[in-house]
Amino acid sequence: MNETFVEVVAESRLMRRIAELGKEISADYAGRRPVVLGVLNGCLPFIADLVRSMPGPMEIEFLSLTRFGEEGRVSIAMDTTTPLQGRHVLIVEDIVDTGLTLASLRRMIEIRDPASVATVALLDKVPRRIIEIPIEYRGFEIGDEFLLGYGLDWEGQYRNLRSLWAVTDLSVLKRDPYALNQETATTGEGFGAR
Ligand code: 5GP
């Protein structure tokens, strides 16, 4: 058995949790028409499943960020098409690690004078946080492991995996970015996510 890659959250568990999140968020946004704002590229499968569990009116928008430097500074590489002023903005993130990216992004959104800003993150790497940042909705709290799949990549690969995998030895991927065989990746709940 290949111990380098361990499935930590199976597809069925992801779907159950995302349906719960969608229900909770929909109840909180009843009577409002939020802009659900996905941060590309990692948000892609998550936002697709999340919005389909939120039946109310909404607009779906995307932006993408360019990171530079070690301090997590970001700039907007691709912007929204809808103005955010006066809107209820729900940021959709795949994972919050140190929190630096989300902190910068929230500042950039708040400057646009929205009616409200909240974040839903599928994964919250709590022990890695170095800046306090509100995350109003979260799917799973995780530890320090490096994850792949369901939007999360290694050198652009693996975003299309249907479940989440932990990499126990990153040197394997550094040597061979294609080391996880997507086609034979099997299921079975692993460790870590609560
Ligand atoms: P932060 O600014 O919160 O430290 O970084 C967030 C970004 O780091 C995420 O959007 C993601 O691109 C990347 N990242 C953090 N942890 C992981 C991980 O476990 N796996 C992958 N593939 N990317 C991660």
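Miscellaneous remarks
- Top-ranked residue in the stretch 42-73 [being in a loop (DSSP other than H, G, I, E, B) and in contact with a strand residue (DSSP E or B) (Cβ under 7 Å, 6 or more places away or on another chain); ranked as farthest from LEU90 (Cα to Cα)]: GLY42
- Just one of the numbered conditions (1) surrounded by fewer than 18 Cβ atoms within 10 Å (Cβ to Cβ); (2) over 20 Å from ASN41 (Cα atoms); (3) out of contact with any Ser or Thr (no Cβ under 8 Å at 6 or more places or on another chain) is not true of ILE131: (3).
- Residue within the stretch 18-35 that is within 28 Å of ALA179 (Cβ to Cβ) and open to solvent by 20 Å² or more (accessible area, probe 1.4 Å) present: no
- Scanning the stretch 18-34 for residues that are small (Gly, Ala, Ser) and within 17 Å of ILE47 (Cα to Cα) yields a count of 3.
- Some residue of the stretch 30-51 being at pLDDT 95 or above, basic (Lys, Arg) and closer than 26 Å to GLN85 by Cβ: yes
- Of residues in the stretch 93-112 being open to solvent by less than 20 Å² (accessible area, probe 1.4 Å) and either among the small types (Gly, Ala, Ser) or within 18 Å of GLU71 (Cβ to Cβ) (or both), the one farthest from the ligand (Cβ to nearest atom): ARG106
- Leading residue by the ranking (farthest from the ligand (Cβ to nearest atom)) among those in the stretch 74-87 that are exposed (fewer than 13 other Cβ atoms within 10 Å of the Cβ) and not β-branched (Val, Ile, Thr): GLY86
- Residue-level analysis places LEU161 outside the set of residues that are part of a strand (DSSP E or B) and either among the β-branched types (Val, Ile, Thr) or modelled with pLDDT of 95 or more (or both).
- Every pair of residues 6+ apart whose Cβ atoms lie under 6 Å, when the first sits in the stretch 113-127 and is within 16 Å of the ligand (Cβ to nearest atom) while the second is of a type in the set (Lys, Arg) and open to solvent by 10 Å² or more (accessible area, probe 1.4 Å): ALA121/ARG138; ASP124/ARG138
- Flag for LEU90 being more than 16 Å from the ligand (Cβ to nearest atom) and assigned to a loop (DSSP other than H, G, I, E, B): no
- Residue within the stretch 27-37 that is within 16 Å of the ligand (Cβ to nearest atom) and part of a strand (DSSP E or B) present: yes
The values are calculated or read from the model by the stated rules, or taken from the named source; none is laboratory data. The structure displayed is predicted, hence computed values, not measured ones. Using ideal geometry, Cβ is built from the backbone for each residue, glycine included, and neighbour counts are taken over all protein chains shown. Surface areas here come from the heavy atoms of the whole protein model, side chains and all, with no ligands, DNA or RNA. Shrake-Rupley method; radii C 1.70, N 1.55, O 1.52, S 1.80 Å.
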